[in-house]
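Structure, as structure tokens:
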Amino acid sequence: MTATAPPAEGGQARDERLLPASPLKKLLTRPELGSVVGAAAVFVFFAFAADGFLRAASLGTVLYAASTIGIMAVPVALLMIGGEFDLSAGVLVTTSALVSSMFSYQMTANVWVGVVVSLLVTLAVGLFNGFMLTRTRLPSFIITLGTFLMLTGLNLGLTKLISGTVSTKTIADMEGFASARALFASEATIGGATLKVTILWWLGLIAVATWVLLRTRFGNWIFAVGGNAEAARAVGVPVRRTKTLLYMGVGLCAWVSGQHLLFSYDVVQSGEGVGNELIYIIAAVIGGCLITGGYGSAVGAAVGALIFGMTSKGIVYAEWNPDWFKFFLGAMLLLATLLNAWVRKRAEATS
């Protein structure tokens, strides 16, 4: 029997589903709730367990570690909300850096030329992933696993072929390096904390991704294709275009991360990035994204990245064996998955 609210003025009963939800009920249905609670718990834990954790310099380091993960975790989260994975995201960051460096060095061109070429390459990889996924109907796991392996081989093979070693040549003395470094790898000291520009990139990306998800038609399409692609297609949602653009979004953010990698250290090791794709996915899951798609948030993925930053650096400040990081990582993943399932059930029960 369907419950109804007390009779309204005039004696007619109102459906309780039409009544405004309380702030508490809205809060309990938010996908990032579990990650926010987890982040608070991790912060309090290391505040007591690690003596130097609350220093301004330490917090700056934590935010930097979180931002380098978060720049990629946010677009990966949007892709997961859309129902897909990208196992090539980690090595694509390295590809971005390698293309910028080697193109600029070999062509003796302004560094910005290499930066633009790198952007075109990463967007092309995202386009390739989206095209192969939507045309072949193969699982994204298989498509992006193949891309991961191809990029891993290309990164190493082309770097050794062109440079003769597994790392790129220095481009620090080339025209445009200083301005590119200012955009992608600058830093400022505020109140004793050294804040990297990646933190601004990260915060800006969170704001844009949240706006897209919650305030635009494209955001509705993302949730629709992740929830049920066939039903979304039946009501006119451009499923192929939506998924392809999501993969290109991952490519765009991989470009940003790759340029930071290059202009922070000047040279790039061709074997970097392998395994990072799992970290991005785990950060998104900790942040409330469901493996099955159709549910999650950009803010949650950012909080998941923050938990990574606090845990990885907190273990160092507590002077523990860093091998324990993987244990905490696995434990957080399991707890977050269980909590996310509970939150999703609560959301469905109150909807």
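Data for the structure
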| item | result |
| --- | --- |
| Residue within the stretch 88-102 that is small (G, A, S), farther than 16 Å from W255 by Cα and not in a loop (DSSP other than H, G, I, E, B) present | no |
| Residue selected from the stretch 151-201 under the condition more than 28 Å from the chain's Cα centre (by Cα) and acidic (D, E), by the criterion farthest from S118 (Cα to Cα) | D173 |
| Qualifying residue in the stretch 146-155 (condition: of a type in the set (F, W, Y), open to solvent by 60 Å² or more (accessible area, probe 1.4 Å) and not in a loop (DSSP other than H, G, I, E, B)) | no |
| Sole exception among (1) closer than 30 Å to I171 by Cβ; (2) open to solvent by 20 Å² or more (accessible area, probe 1.4 Å); (3) of a type in the set (G, A, S) for A331, by number | (1) |
| Every pair of residues 6+ apart whose Cβ atoms lie under 6 Å, when the first sits in the stretch 218-245 and is in contact (Cβ under 8 Å) with a residue 60 or more places away in the chain while the second is aromatic (F, W, Y) | T242/W221 |
| Pairs, first among the aliphatic types (A, V, I, L, M) in the stretch 162-190, second open to solvent by 80 Å² or more (accessible area, probe 1.4 Å) and assigned to a loop (DSSP other than H, G, I, E, B), C-beta under 8 Å, six or more apart | M174/T108 |
| Qualifying residue in the stretch 251-261 (condition: of a type in the set (S, T, N, Q), within 30 Å of K169 (Cα to Cα) and out of contact with any Phe, Trp or Tyr (no Cβ under 7 Å at 6 or more places or on another chain)) | yes |
| Helices (runs of 4 or more DSSP H) lying entirely in the stretch 160-256 (those with 1 or more residues that are farther than 30 Å from L133 by Cα and open to solvent by 60 Å² or more (accessible area, probe 1.4 Å)) | 177-184, 197-215 |
| Of all residues in the stretch 299-331 being modelled with pLDDT of 90 or more and among the small types (G, A, S), the one that is farthest from S67 (Cα to Cα) | G300 |
| Which listed residue, of L120, L138, is among the aliphatic types (A, V, I, L, M), open to solvent by 10 Å² or more (accessible area, probe 1.4 Å) and not in a helix (DSSP H, G or I) | L138 |
| Matching option when the condition is open to solvent by less than 10 Å² (accessible area, probe 1.4 Å), within 16 Å of the chain's Cα centre (by Cα) and either over 24 Å from G126 (Cβ atoms) or not hydrophobic (A, V, I, L, M, F, W, C) (or both), among G304, G273, G314 | G304 |
| Scan of the stretch 225-249 for residues that are over 27 Å from L92 (Cα atoms) and of a type in the set (A, V, I, L, M), ordered by number | A231, A232, A234, V235, V237 |
| Residue list for the stretch 257-270, filter: touching a residue at least 12 places away in the same chain (Cβ under 8 Å) and either part of a helix (DSSP H, G or I) or buried (at least 23 other Cβ atoms within 10 Å of the Cβ) (or both) | S257, G258, Q259, H260, L261, L262, F263, S264, V268, S270 |
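Condition check ((1) touching a residue at least 40 places away in the same chain (Cβ under 8 Å); (2) over 18 Å from the mean Cα position of the chain (by Cα); (3) farther than 28 Å from N220 by Cβ; (4) crowded, with 23+ Cβ neighbours inside 10 Å) across all residues:
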residue: V44; (1), (2), (3), (4): no, yes, yes, no
residue: D51; (1), (2), (3), (4): yes, yes, yes, no
residue: A56; (1), (2), (3), (4): yes, yes, yes, no
residue: L59; (1), (2), (3), (4): yes, yes, yes, no
residue: T68; (1), (2), (3), (4): yes, no, yes, yes
residue: M72; (1), (2), (3), (4): yes, no, no, yes
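The values are calculated or read from the model by the stated rules, or taken from the named source; none is laboratory data. Note that the structure is a prediction, hence the values are computed from the model and not measured. Neighbour counts run over all protein chains shown; Cβ positions are idealised from the backbone, glycine included. Ligands, DNA and RNA are stripped out before the accessible areas are found, and what is left, the full protein with its side chains, is counted by its heavy atoms. Shrake-Rupley method; radii C 1.70, N 1.55, O 1.52, S 1.80 Å.
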